[in-house]
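J.: Here it is: the structure, laid out below.
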Amino acid sequence: MCQLPTFLSWGRSLEIEAGFTVLRLTNLKGMGFPKTAPRELMTPTAFASAAVGPLATRRTAGFFVPAQAKRTSAAMENIWLQSALWMALALLAAIGSLFITISAALFEIVVGAIAGNTVGLPLTPWIDYIASVGAIVLTFLAGTDIDPHVVKRNFGSSVTIGLMGFFAPYLGCLLLARYGLGWSWPEAQIAGIALSTTSVAVVYAVMVETGYNRTELGKIILAACFINDIGTVLALGLVFANYNAYLLLFVVVTIAVMAAVPWIVPWVFKRIGGRASEPEIKFLFLILFTLGGLANLGKSEAVLPAYLIGMALAPFFMDQQELQRRMRAICFAFLTPFYFLKAGSLIEAHALLSGAGLVGLFLAMKMVTKFAGILPLTRHFNFERREGMYTTLMMSTGLTFGSISALFGLTNHIINQEQYTILVTAVIGSAVVPTLIAQIWFQPHFEPLEEDA
């Protein structure tokens, strides 16, 4: 049997053919993560020297036990016990966040990383789907929390911070990869784009839990996050253009829907809202899923139109606080735990140890360039010192679009498996490290807006 490579892929699955190992990369479009083959595990515990029984696993006994593959128990094939395992981890993270004052979302990433390298979390297509829906709904809700009046008052600071948050790490990580590590220009461009992002999902989840989404500072940061990620999406599209008729259709339909929903949604809510079956929320999901499908056909990502539609409906949601609370309850209680636990579970312990130097180098470059670019701007726009540090740290996060960009490079053969693992691990690390620092040492004083006071 051939020697297995040091860096392990999230999306690799094993087959045994004629006594040697065949690695197969799979991809689920629109997810931002590689697709698992049906009935397979792809967390770090699922890598094995052979496929055993009806369920191919990578190492069902975990990272800290012998590497021989073991027959997967019938219990782990039980969909309800799988669900119970994931929800138990989510509950553990939620309880942990009560005793240690950091976001439950961060706890979920950490718990997912530990579980993914010890007990072997099952990552099945239905879990992938729930995690993806969680990302879409969470991004949509983040868009609805952007107060247009606050954005207008702080348009200059939001746009400037957002643009700097993209360009500074993009150029810094690109130059590091090209001249420091000797990567080719296309490989270096993928590195720069993947690490240029911020994470709307992480930032919004943290702000909802702490209440900062109801502050002017929180709304400025959310708007700047959006500008930052728009830069990432545009860069990926312009540098590695993949124009097609579906992309044109997606752009046209998205613009039309953004113009129409501020008029249509209030009418729909007035006609059919207020019923136990929640038809108005189903209507919103219909819009999000339809645009997500068009985005997928156009080689874009479903979370992008979700954010845009949320922004278009922000004025409407300002008068629908109860609706927003109901949708948050659905999202935070059931959907987003799968998203954040999955993100953590995909951290490969072997790859992290083997490539810790490069992972740390890219993570440090991202944070240093973000600080060099954004922190002076917060001084220029008269942010208080603590607010400036908090803003800079939250803008240093990354998760969804960073993972998507790295996956794009891998699936289009721009970067190799080792480079992909390094970049994605650095991206996930950026979801934890700056957020943890911000929450422990730089939380600003809570001052809600007048309408929330």
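J.: Is there any pair linking a residue in the stretch 276-289 that is over 12 Å from residue 323 (Cα atoms) to one that is among the β-branched types (Val, Ile, Thr) and at pLDDT 95 or above, with Cβ under 6 Å and at least six apart or on different chains, and which?
T.: Hits for this filter: zero, empty list.
J.: Output the residues belonging to the stretch 162-201 that are aliphatic (A, V, I, L, M), within 21 Å of residue 373 (Cα to Cα) and under 16 Å from the mean Cα position of the chain (by Cα).
T.: Correct list: 193, 194, 195, 200.
J.: Please pick out the residue among 233, 253 that is in a helix (DSSP H, G or I), modelled with pLDDT of 85 or more and either surrounded by fewer than 17 Cβ atoms within 10 Å (Cβ to Cβ) or touching a Leu at 6+ places or on another chain (Cβ under 8 Å) (or both).
T.: Only one candidate qualifies: 253.
J.: Which of the residues spanning the stretch 289-343 are surrounded by fewer than 21 Cβ atoms within 10 Å (Cβ to Cβ) and of a type in the set (Val, Ile, Thr)?
T.: 290, 330
J.: Still on this structure, please answer the following. Run down 440, 415 and say which single residue is in contact (Cβ under 8 Å) with a residue 60 or more places away in the chain, in a loop (DSSP other than H, G, I, E, B) and farther than 26 Å from residue 148 by Cα. I'd like the intermediate steps shown before the answer.
T.: Numbers: 440 fails: in a loop (DSSP other than H, G, I, E, B).
Step by step, each of 440, 415 is checked, and only 415 is in contact (Cβ under 8 Å) with a residue 60 or more places away in the chain, in a loop (DSSP other than H, G, I, E, B) and farther than 26 Å from residue 148 by Cα.
J.: Then there's this: How many residues does the stretch 256-267 contain that are surrounded by 16 or more Cβ atoms within 10 Å (Cβ to Cβ) and of a type in the set (A, V, I, L, M, F, W, C)?
T.: In the first step, residues of the stretch 256-267 are kept if they are surrounded by 16 or more Cβ atoms within 10 Å (Cβ to Cβ); the result is 257-258, 261, 265-266.
From the residues that got through so far, the ones that are of a type in the set (A, V, I, L, M, F, W, C) too are 257-258, 261, 265.
Selection size over the stretch 256-267: 4.
J.: May I ask you to say which residue of 190, 221, 161 is in contact with a Ser or Thr (Cβ under 9 Å, 6 or more places away or on another chain), crowded, with 20+ Cβ neighbours inside 10 Å and farther than 22 Å from residue 390 by Cβ?
T.: Exactly one of 190, 221, 161 is in contact with a Ser or Thr (Cβ under 9 Å, 6 or more places away or on another chain), crowded, with 20+ Cβ neighbours inside 10 Å and farther than 22 Å from residue 390 by Cβ, namely 190.
J.: List pairs: first in the stretch 349-378 and surrounded by 17 or more Cβ atoms within 10 Å (Cβ to Cβ), second among the aromatic types (Phe, Trp, Tyr) and part of a helix (DSSP H, G or I), Cβ under 7 Å, 6+ apart or cross-chain?
T.: Matching pairs, first to second residue: none at all.
The values are calculated or read from the model by the stated rules, or taken from the named source; none is laboratory data. Since the structure is predicted, the reported quantities are computational estimates derived from the model, not experimental observations. Cβ: placed from backbone, ideal geometry, glycine included. Neighbour counts: every protein chain shown.
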